1. Within 24 Å of B:CYS288 (Cβ to Cβ), within 14 Å of chain A (Cβ to nearest Cβ) and hydrophobic (A, V, I, L, M, F, W, C), is that true of B:LEU176?
2. Can you name the condition, by its number, that B:ASP222 falls short on among (1) out of contact with any helix residue (DSSP H, G or I) (no Cβ under 7 Å at 6 or more places or on another chain); (2) within 14 Å of chain A (Cβ to nearest Cβ); (3) free of Cβ contacts under 8 Å to residues at least 60 places away in the same chain?
3. When you go through (1) within 13 Å of chain B (Cβ to nearest Cβ); (2) over 22 Å from B:GLY212 (Cα atoms) one by one for A:ASP69, which number turns out not to apply?
4. What tally of residues in segment B:57-85 results from selecting those that are surrounded by 23 or more Cβ atoms within 10 Å (Cβ to Cβ) and of a type outside the set (Asp, Glu)?
5. Restricting to segment B:199-219, and then to whatever is more than 10 Å from chain A (Cβ to nearest Cβ) and assigned to a loop (DSSP other than H, G, I, E, B), can you tell me which residue is surrounded by the most Cβ atoms within 10 Å (Cβ to Cβ)?
6. Quick check, is B:THR128 part of a helix (DSSP H, G or I), without any contact (Cβ under 8 Å) to a residue 60 or more places away in the chain and hydroxyl-bearing (Ser, Thr, Tyr)?
7. On the basis of being under 20 Å from B:ARG34 (Cα atoms), more than 10 Å from chain B (Cβ to nearest Cβ) and either part of a loop (DSSP other than H, G, I, E, B) or not β-branched (Val, Ile, Thr) (or both), does A:ASP17 make the cut?
8. Would you point out the residue of segment B:186-198, among those that are closer than 28 Å to B:GLY262 by Cβ and among the charged types (D, E, K, R), that is nearest to the other protein chains (Cβ to nearest Cβ)?
Amino acid sequence: MTIEEKIAMLEEIMDLDEGTLSVDDNLEDYEEWDSLSKLSLIAEVKKQFGKVLSTNSIRSFKTVQDICDYFED
Amino acid sequence: MFGVFNNISIEGIQTVVPSRIVNNLDFADRIGERRCKKQIRLTGIKERHVCAPGQTSADLAYAACSKLMKNLRWEPDSVDVLVFATQNPLFIIPSTAFFLQKRLHLSQDCVVFDVNLGCSAATAGIQTVSSLLQGARPGGRGLLVVSDPTYYTEETNPDELADQMLFGAAGSAVALEKTEASISPIYFKNKSDGNRYRAIFRAPGGKFIMDGEGVFQFAINDVANDIADFRGEIGISTDDVDYYSFHQAQALLLSTLDDACGVESEKELRSLEKYGNTNGSSPLVTLCVHEQELKKNETANILMCGFGVGLSWCSIYTTIKTSGIYPLSYCDDIYPWREEN
């Protein structure tokens, strides 16, 4: 996945308009980074990688970049 | 525990819900329109049936049992076992099952008690009643009834309200008979994990607490793996299964679960859109909601799985005579048990 695709995926998960997010954005600044978005991210990781995203990993995500990095592995 | 019963058949399944419907969109002013629409989209839950004030788990349970007994022409004195699975008993002591025994006029020879299980109650309850019937006479009869109420909420805290918007009220009963001519074995795989007892939790007098992320991870990992293992242990492939009926937790979870254990989405029946997450009864509610489709064939190979509080998860696989699956009906009765001496 390119960085643009990852950001687009996250915008889709967070129900944001295309082009809203940039890599340096803090997730906590978005009210859309809510419990439902976190469940959607868990679902996406399971679908793409077949693994379960842990609550600790989710807590460690501070910026959009952190999530993009996770999808690198 | 994995096992099989070769001498038990499911004779009937009945479901009742209260007639009052609440539309989840009506909560937009309390949790915000954006969040409300997102929740409905991801959970798939648009409407739910809720109890009238004062209506109890036992009102729904009684209605489900009495309708099922009437449909099957089961006389009260022919019932050997009654198990009531609920998280909302009427009393601390005794089991609410005794109150149901009285209302249903079951005999003193009947074994009755409550089981405190949540969203695994339909499947774990079928295993429990099937086990109890092993000691019964040939033709012995058992009733499992699963019921939890939900009420219209005045809650204003958005996080708590979002949880409450998941749940709908229902009561379902299953009639099981000990028989030598069972049309199919009943396979089960029943598992528990006390290490996660706090994942869904309520202390006496306290609030309902759910670790949504933890439960989601549990479902798409532990439950999904066990459904796949269960098919392997029985020796069937997903082609052998006509329908899946899973606990109606929410739509995103079910779709992810389907993906994770190779379930074709068109075989996975749902009832959550109009009835919500109906707790322990939900796999049974779903079968009753889809009874017309199921009745296109005389029998159906059904894999049910309930999972939740405990943590507890249990799968059942069997062939069901579809003539015994009755259409969903309404119950608005309230029995004034507080006025009894």
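The values are calculated or read from the model by the stated rules, or taken from the named source; none is laboratory data. Treat the numbers as computed from the prediction; the structure is a model and nothing was measured. Methodologically, a virtual Cβ is constructed for each residue, glycine included, from the backbone with ideal geometry; neighbour enumeration extends over all protein chains shown.
1. Here the answer is no, as B:LEU176 does not meet what is asked.
2. (3)
3. It fails just one condition, (1).
4. Count: 16.
5. B:ALA199
6. Considered against the rule, which asks whether it is part of a helix (DSSP H, G or I), without any contact (Cβ under 8 Å) to a residue 60 or more places away in the chain and hydroxyl-bearing (Ser, Thr, Tyr), B:THR128 comes out as yes.
7. Criteria met by A:ASP17.
8. Applying the filter and picking the extreme gives B:ARG196.
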